[in-house]
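I have placed the structure first, in the form of structure tokens, so that the comments after it can refer back to it.
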Amino acid sequence: GGMIRSVRSRFPAGDPIYARIGALAELAVPLLQGGHRRALGEALNRGQEHLRQLGAVPDQLGELVRTLQSHPAVFGARMTGAGGGDSVLLLVSEPEAVTAQLQSLGLEHLDLEPEPEGLRMETTS
């Protein structure tokens, strides 16, 4: 709650930064659907910059994300999570190439594969 109140006090509803964030999210859908990972990674990096502009990136996590963004196998990196982030989303070309750096930084990682369909509900009988 504190992070949200802090952001709202500096960027009230209707501030143009929210429209830029929304446009970026809309741009990501066709990039994900088309498998355009490099462009999607660049969008992740821009999203991280928007979070920084909002003041929602703790210094230590911001430095960590910048370090990961500079890795040659990383297309893009962006923190995620409520109230200052508790995880980082990475889009990479070669997961094995990034694993050693993640371990050296003391980070745990989960390998995920993007799905262009997004969320869907399935029922079981």
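Derivation of every value follows stated rules applied to the coordinates shown; laboratory data play no part. For clarity, every value in this text was computed on a predicted model and none was experimentally measured. Note that we place each Cβ from the backbone using ideal geometry, even for glycine, and neighbour counts take in every protein chain shown.
Tabulated values for the structure
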| read-out | value |
| --- | --- |
| Correct option for Cα extents along the principal axes in Å [calculated from the coordinates] among (i) 45, 31, 28; (ii) 42, 41, 33; (iii) 38, 32, 27 | (ii) |
| Phi to ³J(HN,Hα) by Karplus 6.51 cos²θ - 1.76 cosθ + 1.60 over the range 96-102, Hz, x for Gly, Pro | 4, 5, 9, 3, 4, 5, 4 |
| Among 93, 104, 70, residue whose mean-square fluctuation peaks in a GNM of the chain (springs only between Cα atoms under 10 Å) | 104 |
| GNM top mover of 76, 106, 22 - the chain, alpha-carbon springs below 10 Å | 106 |
| Pairwise label distance in nanometres, residue 123 with residue 37, each label 7 Å out on the Cα-Cβ vector | 3.7 |
| CD proxy at 222 nm, helix term only [per DSSP H run n ≥ 4: -39500 (n - 2.57); per residue of the chain; nearest 500] | -17000 deg cm²/dmol |
| Full-extension gain in nm, residue 99 to residue 111, via 0.36 nm per residue minus C-alpha separation | 3.3 nm |
| Label-point gap, in nm, between residue 86 and residue 18 - each point 7 angstrom along Cα→Cβ | 2.5 |
| Gap separating the Cα centres of the range 68-110 and the range 7-27, nearest whole Å | 25 |
